[in-house]
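I have placed the structure first, in the form of structure tokens, so that the comments after it can refer back to it.
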Amino acid sequence: MTARTVTRRTAGVLLAAAVTLAVGGLSQLPYEAEAADHAVVRLAWRVRGVRVEECRRLTDEELRRLPVHMRQAQVCEGRLLPHELTVDLDGRRVVAELVRAAGAREDRPIYVFRELSVSPGGHDLALAFVRQGRRADDTTAVVTPDTLTLATHLTLAPKEVALVTYDADARRLTVRRYGR
């Protein structure tokens, strides 16, 4: 073995020992989790949206630019209609946003996940999840209502979680509680 190889191996062993000691030392530091004197209202659900297709005829120029095997007179792009989510907590608007379907082409299911930290005690919750845009002609595949609403009063203890989720069987939003 050359002196250079010995030096490299020694440096590698020393570096590995130093990293091991550092990780071991850091693992002994005390960790205090958040005091969690608050409660959480968690919005979490997945719904299938209404698919719309927008079709258009290609111009002669556009057709000429395409390879022969890809030439179609008409091109259609499909997407799911977005939903407007509004949440009022104790009479104050805390969420107002447009929720779009997942995926680059907005053709995947629609997911909602929001956490609202609240103080323990009583809270009035009003929520609306409303489909936007025009409806598709064929509504046979629609399994989620156009509008989902929930208005309820919640009394939450510290560290308690109120989960607002979609019940597909009942076709409505429901509240489940955890951590009582």
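Summary of values
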item: Spin-label model distance (nm) - Gln74 vs Arg172, 7 Å beyond Cα toward Cβ; result: 4.1 nm
item: Listed values [x] 17.0, 51; [y] 27.3, 79; [z] 16.9, 55, entry calculated as Rg and Dmax of the Cα atoms in Å; result: [y]
item: Per residue, in Å², the accessible surface of the chain once ligands and nucleic acids are set aside, probe 1.4 Å; result: 68 Å²
item: Sequence-separation-based contact order of the chain, relative, with Cα cut under 8 Å and 6+ spacing, percent; result: 25 percent
item: Helical contribution to [θ] at 222 nm, DSSP H n ≥ 4, -39,500 (n - 2.57), averaged over the chain, rounded to 500; result: -5500 deg cm²/dmol
item: Within-9-Å neighbourhood charge of Val41 [Cβ basis; K, R +1; D, E -1]; result: +1
item: R0 of 45 Å, Cβ-Cβ distance Asp107-Val23: FRET efficiency to nearest 0.05; result: 0.50
item: Protein accessible area in the chain, 1.4 Å probe - carbon and sulfur %; result: 52 percent
item: Of the trypsin sites (Lys or Arg not before Pro) in the range 14-108, those whose Cβ has at most 11 other Cβ within 10 Å and which sit in DSSP loop; result: Arg105
item: Inter-site label distance for Val161 and Asp124 at 7 Å from Cα along Cβ, in nm; result: 2.8 nm
item: Additional length obtainable on full extension of the chain from Leu66 to Arg9, 0.36 nm per residue less Cα span; result: 14.7 nm
item: Per-residue HN-Hα couplings for the range 95-110 [Karplus 6.51, -1.76, 1.60; θ = phi - 60°; Hz; x = Gly/Pro]; result: 9, 8, 8, 8, 9, 9, 5, 6, x, 4, 9, 6, 10, 9, x, 9
item: Computed over the range 18-106: relative contact order in percent, which uses C-alpha pairs under 8 Å that are six or more apart; result: 21 percent
item: Calculated log₁₀ intensity ratio I(q)/I(0) where the Debye formula runs over C-alpha points of the range 1-89, q = 0.19, 0.22 Å⁻¹; result: -1.08, -1.07
item: Label zone at Leu98 (point 7 Å along Cα-to-Cβ), backbone N below 18 Å, the range 29-68; result: 49-54
item: Antiparallel DSSP beta bridges within the chain, as percent of all bridges there, nearest 5; result: 90 percent
item: Pairwise centroid distance, computed over Cα atoms, of the range 159-174 with the range 47-96, Å; result: 29 Å
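The values are calculated or read from the model by the stated rules, or taken from the named source; none is laboratory data. No experiment lies behind these values; they were computed from the predicted model shown. When we count neighbours, we look across all protein chains shown, and the Cβ atoms used for this are built from the backbone with ideal geometry, even at glycine. Heavy atoms of the whole protein, side chains included, go into the accessibility calculation; ligands, DNA and RNA do not. Shrake-Rupley method; radii C 1.70, N 1.55, O 1.52, S 1.80 Å.
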